[in-house]
Structure formats: C-alpha cells, structure tokens
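K.L.:
First the structure, which I've put down as structure tokens, then a few questions once you've had a look.
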Amino acid sequence: MCLDGHADILCDMETHIPTRREAFELLCRYNSNESLIKHAFAVEAVMRYMARKQGEDEEMWGVIGLVHDLDYERFPEQHCRKSLELLRESGWPEEYIRAVVSHGWGICSDVEPVSVLEKTLYAIDELTGLVTTSALVRPSKSVLDLEPSSVKKKWKDRRFAAGVNREVIEKGARLLGTDLTQLIADTIQGMRTVAREIGLEDART
Ligand SMILES: [Fe+2]
Ligand SMILES: [Fe+2]
C-alpha cells in the first residue's frame with residue numbers, strides 16, 4: 001500500500017504495465033526509418049509467437065520486442081545505454097528495461113540474458129535479419145513460402161547477409177537449449193504473422 005508521496009511514485013513504477021500503444025508511441029517518437037520500424041515489428045511478432053507457444057505473457061514479450069532498439073536510430077553510439085535512460089524516464093518497470101538492455105549482451109551491454117524472455121530476444125534479434133534477407137532473394141520476396149532449409153543454406157554462406165552476426169544467434173540458441181533449425185522455423189512462423197506489415201508478402205500477388 002502507498003502511504004506517502006514518495007511511495008506513490010514507487011508504486012506507480014512497480015505497477016506500470018506498458019501497453020502496446022504506449023510502446024508504439026515511444027518507438028515512433030524516436031524512430032522514423034522504415035526498415036528499423038519493420039525490424040521492430042518483426043522482432044515483436046516473433047516474441048509474441050514464442051510467448052504464445054510457451055504459455056508466457058504475450059503482451060509483455062511483444063512490447064519488449066517492439067522497443068528493443070528504441071535508441072538505435074538517434075543514438076547508435078549509445079545503443080542499449082540510451083534505451084535504459086529513455087525507458088526509465090518513461091517510468092517503465094526495471095524488468096522490461098533489463099530485458100531490452102540484455103539483447104546487446106557482449107556487444108553494447110554487459111547485462112547477460114537470464115530469463116527465457118531475455119534469452120529468446122537475444123537469440124532471435126539477429127535471426128530476423130537473416131530471415132528477411134533470405135526472403136528477399138526469393139522470386140516471391142516473401143516469408144510466406146520461405147522454409148528453414150533455405151535459411152540454413154544461406155547461413156553457411158558467410159558473404160550472404162554478412163552483417164548478421166551468426167555467432168550471436170548460435171550463442172542464443174545454446175542459451176535457450178534450442179536446436180538452430182527449430183529456432184529458424186519459429187522465427188519464420190512468427191514473422192509470417194506480420195508478413196504484410198514488414199513488406200514480406202508475396203510480391204507477385
Ligand atoms: Fe540492438
Ligand atoms: Fe534489433
């Protein structure tokens with residue numbers, strides 16, 4: 001129970017459950033780049049898919065996925081650190097902030113992914129990039145007819161989507177105790193749910 005002003009503020013922060021709308025408004029306040037917004041939608045969709053599959057809190061997983069790169073367009077040099085600041089200013093719960101910051105573990109943050117949510121975000125973030133590039137080289141330019149085997153083939157060609165850090169994805173799969181093919185299949189399934197929003201519907205139809 002909150003008995004004084006100070007405690008009221010603390011209680012608000014503890015009980016503040018960020019909504020999808022709030023997360024989207026925050027994303028749009030700091031981002032205008034179309035491909036970054038599509039990336040945010042892709043990561044959100046995969047997080048939601050993974051949460052549903054495991055009976056976890058879909059809204060929480062989705063909202064965290066949506067804002068995970070909040071600071072990247074405006075503050076690339078301070079990636080993850082600036083998000084921590086912006087989310088704290090917005091009164092977001094520490095559990096959400098920690099998850100956002102942990103996706104940059106070993107790259108721009110020293111916060112290790114510990115929860116299943118954090119490990120999942122860490123594992124699928126880069127993978128959504130590889131899935132997107134693999135879809136775009138198909139005749140359909142779509143994720144709807146993309147199979148895990150195609151992504152696995154592209155995985156081995158290090159010049160293909162060279163910017164995608166395959167080591168991070170492998171590390172994420174190990175953290176989750178998941179086989180890479182299953183992780184790719186889940187990521188494709190999640191991205192299919194927002195194929196239109198992320199520009200990966202069949203280009204021929
Ligand atoms: Fe990031
Ligand atoms: Fe990302």
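The values are calculated or read from the model by the stated rules, or taken from the named source; none is laboratory data. This is a predicted model, so every value here is computed, not measured. Note: ideal-geometry Cβ built from the backbone for every residue, glycine included; neighbour counts use all protein chains shown. Please note that ligands, DNA and RNA were not included when accessible areas were found on the heavy atoms of the full protein model with its side chains. Shrake-Rupley method; radii C 1.70, N 1.55, O 1.52, S 1.80 Å.
K.L.:
Could you give the accessible area per residue of the range 98-181, probe 1.4 Å, as a whole number in Å²?
P.N.:
Accessible area per residue, the range 98-181: 46 Å².
K.L.:
Give the carbon-plus-sulfur fraction of the accessible surface of the chain in %, rounded to a whole number; probe 1.4 Å, heavy atoms of protein chains only.
P.N.:
With neighbouring chains kept in place, the figure for the chain is 52 percent.
K.L.:
By average Cβ neighbour count within 10 Å, what is the ranking of 191-204, 99-112 from highest down?
P.N.:
99-112, 191-204
K.L.:
Would you report the distance distribution of C-alpha pairs in the range 66-156 as whole percents per 5 angstrom bin, up to the bin with the largest distance?
P.N.:
In whole percents, the pair-distance histogram is 3, 14, 20, 18, 14, 13, 11, 6, 2, 0.
K.L.:
Compute the signed sum of charges (Lys and Arg +1, Asp and Glu -1) over the other residues within less than 12 Å, Cβ to Cβ, of K171.
P.N.:
Summing Lys/Arg as +1 and Asp/Glu as -1 gives -2.
K.L.:
Each label point is 7 Å from the Cα along the Cα-to-Cβ direction; what then is the distance between the points at D145 and D202, in nm?
P.N.:
Each label point lies 7 Å from its Cα, and together they span 0.6 nm.
K.L.:
Then there's this: Mind checking the alpha-carbon convex hull of the range 135-189 and giving the volume per residue in Å³?
P.N.:
Numbers: hull volume 4.1 nm³, N = 55.
For the range 135-189, the hull spanned by Cα atoms encloses 75 Å³ per residue.
K.L.:
Rounded to whole Å, give me the distance from the Cα center of the range 21-40 to that of the range 126-205.
P.N.:
A separation of 21 Å, based on Cα centres.
K.L.:
Give the share of C-alpha pairs in each 10 angstrom bin for the chain, from 0 to the last occupied bin, in whole percents, shortest bins first.
P.N.:
Values per bin, smallest distances first: 9, 35, 36, 15, 4, 1, 0.
K.L.:
What number comes out for the charge environment of K82, summing +1 per Lys or Arg and -1 per Asp or Glu over other residues with Cβ under 14 Å away? Before the final figure, lay out the partial values.
P.N.:
Details: positive: R29, R74, R81, R88; negative: D69, D71, E73, E77, E85, E89.
That sum, taken over residues with Cβ under 14 Å, equals -2.
K.L.:
At 0.36 nm per residue, and after removing the present C-alpha to C-alpha distance, how many nm does the segment from E95 to L136 gain when stretched out fully?
P.N.:
Once the chain is fully extended between E95 and L136, it gains 11.3 nm.
K.L.:
Have a look at the range 86-205 and give its Rg and Dmax from the Cα atoms, expressed in angstrom.
P.N.:
15.4, 45
K.L.:
Now a separate question. Given the options A185, A123, A40, which has the most mean-square fluctuation in a GNM of the chain, springs set between C-alpha atoms less than 10 angstrom apart?
P.N.:
The residue with the greatest mean-square fluctuation here is A185.
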